[in-house]
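Have a look at the structure below before the remarks.
Values quoted throughout were computed directly from the atomic coordinates according to the rules given, and no laboratory measurement underlies them. What you see is a predicted model; the values in this text were computed from it and never measured. Cβ placement follows ideal geometry from the backbone for every residue including glycine, while neighbour counts extend to all protein chains displayed.
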Ligand SMILES: [Zn+2]
């Protein structure tokens, strides 16, 4: 308790520049100052202000700035200084609001620091994530092209391609109706000898149409509906944005848990994953965006979008029948299955349907041409 303690102190009387050293004792209402030459009893309520100092605290008598105010410095530890402050506030019977709040804030100091720190961290996290959303804007489109080339080499070395001059000519000629004017990408349309209803777009503009998608389409509009969706993935740079997201989150984790723990192995694993599966599997947001913008492209081309709906319904049916089976190539494609939650997508697209009476993608011989894709001879590694 303060009442039994004495503290060393210095007293400036306001007239002499030399302080008097001595000791103080406190009661609930008074401070007694003793030195060899003087004894003063001061009422706590007469002190105008109290400030904390490194060695204790300082009382000031007057707020009047026109003349020097007597000052009493009491040397004590921080806890004692806070107790003296409380005595002073009680004696003044004047716990004014700001002082009281100030005092409370000081008491909760460590908790406050932690809370402010947490809020700051969360803020930095949000800023980081929103920065990630924009970072692709400063990545040149040549990056999309080289990333796509990398993945296309993997695809073409492990999956069967098929070829048809008629299909190639038809698709490369008509694709210009869908590709937005001023697109920075050069599109290449290739065919995979796989019986699923599916397609894959790579960053930079290579699009693979599956044999199953072509052969099961009664009208070329069905394939063009898928093409519009895939072109939208490319134009919106979903691959690069997906990559930034994946690498960015790894970098953030590395930053948070420290470079010693989140080592480069993690980054290598992610980039490995990215170059195979992740690049082909988009987030739900990107799928929705590609559906929406695909419909815009179809409208600009004055093509009827019903074909796209027909394909999605076919995909849904195939998903339900699990046509993937046990074939190992198909197992790979199960991983690459790029269009999740088909039912939801169908519902959303139905809301945005429109009609078009023109038929810009019509092909008289479609039923024959769609089956013209013949397996490409794969070079034996011994040759
Ligand atoms: Zn997609």
Burial ranking of peptide ranges 347-356, 152-161 (average Cβ count within 10 Å, highest at the top): 152-161, 347-356
Find how much the distance from residue 354 to residue 45 grows on full extension, using 0.36 nm per residue of separation minus their present alpha carbon separation; answer in nm with one decimal. 103.0 nm
Which order do the peptides 197-205, 362-370 come out in when sorted by mean C-beta neighbours inside 10 angstrom, highest first? 197-205, 362-370
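Taking the Cβ-Cβ separation of residue 120 and residue 247 as r and a Förster radius of 30 Å, what is the calculated FRET efficiency to the nearest 0.05?
Computed FRET efficiency for residue 120 and residue 247 comes out at 0.80.
Quick one: which of 41-47, 51-57 comes out on top by average Cβ neighbours within 10 Å, and what's the full order, highest first? List each step's numbers first, then the result.
Values: 41-47: 15.4, 51-57: 13.7.
Top of the packing list down: 41-47, 51-57.
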